[in-house]
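Where a number appears in this text, it was derived from the coordinates with a stated rule and is not lab data. These numbers come from a predicted model, not from an experiment. Please note: Cβ atoms are built from the backbone with ideal geometry, for glycine as well, and neighbour counts cover all protein chains shown.
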Amino acid sequence: MEAKGTRRVQYSRSSPAEDLTAPGTVSSMKVFATTLTVPTRERTEICNLTDQLAALPALQQISHGYVLLHSLHTTTGLCLNEFQEALLHDITTLLRRLIPSEQAYRHNDPAVSDDTRGNATGHLSAILLGQTLQIPVEHGRLMLGTWQSVLFCEFDGPQTRHVYVQVMGV
């Protein structure tokens, strides 16, 4: 698990805003979409995406709205929490206790599954965390509390991962 600062991720260019204004409405809804690329280096790793999300150009065009994040993988999760080394250790320790790797999981058993990665613990950890987050945006800024960070959790790395990001608002 790596927690030595913020991981640098890449994102593709935002798609143009779609005008979703119905006749007679005052404000036009803007929608932007991009995909973050998150390269992970460890089997289990928690990456901080907060700075990369806050720097998205699309946010500056939103006065009131939200950002939707969705992991495109079944062995990763997303959550809001403090990005602090000791807490990251505690999170991974809790998940290992709840979902021990030495357990005999059917997903890992070649007699009943076609899986070859032995990654049942990754799937189960992702289920507990969830794979989608929604964060309010006000005046171009993510509405996060003082200690809240947007965390991407890898449970089957290292791999190159992707997070779909949609920014919507007026």
Subtracting the Cα-Cα distance of Arg141 and Asp90 from 0.36 nm times their residue separation yields 15.4 nm
Relative to the compact-globule estimate 2.2 N^0.38 Å (N residues), the Cα gyration radius of the stretch 29-169 stands at a ratio of 1.15
Expected sort for 137-144, 59-66 on mean C-beta neighbours within 10 Å, highest first, is 59-66, 137-144
Neighbour-count ranking for Cys79, Cys153 (other C-beta within 10 angstrom, fewest to most) reads Cys79, Cys153
Per DSSP, the loop-located GluC sites (Glu not before Pro) within the stretch 23-97 having at most 15 other beta carbons within 10 Å are Glu42, Glu82
Extension length gain for His64 and Leu128 (0.36 nm per residue less Cα distance), in nm, is 20.0 nm
Distance in nm between Gln159 and Val112 label points, each 7 Å along Cα→Cβ, equals 2.2 nm
